[in-house]
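We did not get these values from a lab; they are worked out from the coordinates using the rules stated. All values reported here derive from a predicted model rather than from experimental measurement. Glycine gets a Cβ as well: all are built from the backbone with ideal geometry, and neighbour counts include every protein chain shown.
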Amino acid sequence: MSSSNTPIGIFDSGAGGISVLKELVTILPNESFIYFADSANCPYGPKQPEKIIELSNCITKFLLDKGCKTIVVACNTATAAAIDFLRGNYNVPFIGMEPAIKPASLNTKTKSIGVLATAGTFKGRLYIETSRKFASDVNVCYQVGEGLVELVESGMANSEESENLLRKYIEPMLDCNIDHIVLGCTHYPFLRPVLEKIIPKSITIIDPAPAVARQTEKVLKENGLLSATKNLPSIELFSSGSSRILKFLMEENIQLTARTSIKYVDGISACNA
Ligand code: DGL
C-alpha cells in the first residue's frame, strides 16, 4: 500500500473533473493531487465501453507510476464503463462518481426527477441498478446532454449556444413536473449559472461532487492514507491535449492558498507514457 504522503490521483475525459477537484481541495487542504485530463480523447460519452476501459487503464497506470495512493474517477462515463475493471486489477482504492438518483428520488415531492448525463453513463450498470433500487416509484425524465461537454471544453459554458442547447434539453423535463435535477456529468456544474436562468428556483439541482469528496475522505481515513504532514500541497495537472481550459476553470473556480504549488503539463499521452 502506498504511503499516506503521496498524492491523490484524479482523472476525467477532460476538464469536468475540476468540479470534483474543487470539492476535494476544500475538504482535504493538506493533500496533493495529480489530475489527468484526457483532452485529446474527449468526449468519452459516445465511445464504446471497451475503449473507455482501455483509456482509463492507461491513465490509471500513469497515475500509479507517479505514486498516487488512491484514484478518484471524476468522470461519470468512465466510472460507468471502467470502475469494476479498475477495482479488479489494481490494489489501490478507487472512488467513482455516483449518479445522484438516490437523494433526488428520496426527496422529490412531485415524484418526478430529471437526470442529465452522457449516453455512456445511462448505459452503465451503476445507473441502471441505482434507478431500479431508488427510483422505482419515481418518474425519471432523462436526457443525454449531447454537445454540452464540448461547449464546456471550448470555454463556452456561459454562452448563448449553451443556453439554447440546455433549453432544448430541460424544457421537456419541466413538462414532466420535475422538482430535482441530477447533474450526471462532471462537466455540467460549470453550466449551472446558465441552468439557473432556465429553471424555476423551486427545482433543486443536485451535483454529486461534494458527496464524492466526502467519500474520498472516508476511504482515505479507513485505509490510513490521510496525509500525515503539513507539507506544502501541490497540484499537478496533465493533459493529453492542451491544458488551456484546465487553467481557465481552475482560476475561475478554485481558491487555492498561497501555499499550494501548481503546475500544468500539456501533450502527455497516458497510453504511450
Ligand atoms: N466529465 C465526463 C462525465 O462525467 C464527461 C463525459 C464525456 O467526456 O463525454 O461523464
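Can you tell me how many residues within the range 101-160 are among the aliphatic types (A, V, I, L, M) and without any contact (Cβ under 8 Å) to a residue 12 or more places away in the chain? Spell out how you get there, then give the answer.
Narrowing the range 101-160 to residues among the aliphatic types (A, V, I, L, M): 101, 104, 106, 113, 115-117, 119, 126, 128, 135, 138, 140, 144, 148-149, 151-152, 156-157.
Subsequent filtering for residues that are without any contact (Cβ under 8 Å) to a residue 12 or more places away in the chain retains 128, 156.
Adding up the residues that qualify gives 2.
Give me the residue from the range 52-101 that is assigned to a loop (DSSP other than H, G, I, E, B) and among the aliphatic types (A, V, I, L, M) and, out of that set, farthest from the ligand (Cβ to nearest atom).
Val92
Name, by its number, the condition in (1) touching a Gly at 6+ places or on another chain (Cβ under 9 Å); (2) more than 16 Å from the ligand (Cβ to nearest atom); (3) not charged (D, E, K, R) that does not hold for Gly184.
(2) is the only condition that Gly184 fails.
What pairs come up if the first residue lies in the range 53-80 and is in contact (Cβ under 8 Å) with a residue 24 or more places away in the chain and buried (at least 22 other Cβ atoms within 10 Å of the Cβ), the second is among the basic types (Lys, Arg) and assigned to a helix (DSSP H, G or I), and their beta carbons are under 8 Å apart, counting only those six or more places apart or on different chains?
What qualifies is Ala80/Lys123; Ala80/Arg125.
Under the condition of being part of a loop (DSSP other than H, G, I, E, B) and either free of Cβ contacts under 8 Å to residues at least 40 places away in the same chain or touching a Ser or Thr at 6+ places or on another chain (Cβ under 6 Å) (or both), which residue from the range 231-256 is surrounded by the fewest Cβ atoms within 10 Å (Cβ to Cβ)?
My answer is Gln255.
Quick check on my filter: what residues within the range 61-95 are touching a helix residue (DSSP H, G or I) at 6+ places or on another chain (Cβ under 9 Å), of a type outside the set (Gly, Ala, Ser) and within 23 Å of Ala119 (Cα to Cα)?
Of everything in the range 61-95, those that are touching a helix residue (DSSP H, G or I) at 6+ places or on another chain (Cβ under 9 Å), of a type outside the set (Gly, Ala, Ser) and within 23 Å of Ala119 (Cα to Cα) turn out to be Val72, Val73, Cys75, Asn76, Thr77, Thr79, Ile83, Asp84, Phe85, Leu86, Phe94, Ile95.
So which residues in the range 24-51 are among the aliphatic types (A, V, I, L, M) and either within 15 Å of the ligand (Cβ to nearest atom) or outside any loop (DSSP other than H, G, I, E, B) (or both)?
To start, the set of residues in the range 24-51 that are among the aliphatic types (A, V, I, L, M) comprises 24-25, 27-28, 34, 37, 40.
Answer for the range 24-51, where residues must be among the aliphatic types (A, V, I, L, M) and either within 15 Å of the ligand (Cβ to nearest atom) or outside any loop (DSSP other than H, G, I, E, B) (or both): Leu24, Val25, Ile27, Ile34, Ala37, Ala40.
May I ask you to say which residue of Arg214, Arg259 is under 20 Å from the mean Cα position of the chain (by Cα) and either not aromatic (Phe, Trp, Tyr) or not in a helix (DSSP H, G or I) (or both)?
On the way: Arg259 fails: under 20 Å from the mean Cα position of the chain (by Cα).
Result of the check over Arg214, Arg259: Arg214.
Check Phe190 against each of (1) touching a strand residue (DSSP E or B) at 6+ places or on another chain (Cβ under 8 Å); (2) within 12 Å of the ligand (Cβ to nearest atom) and name the one condition it does not meet.
So the condition that Phe190 fails would be (1).
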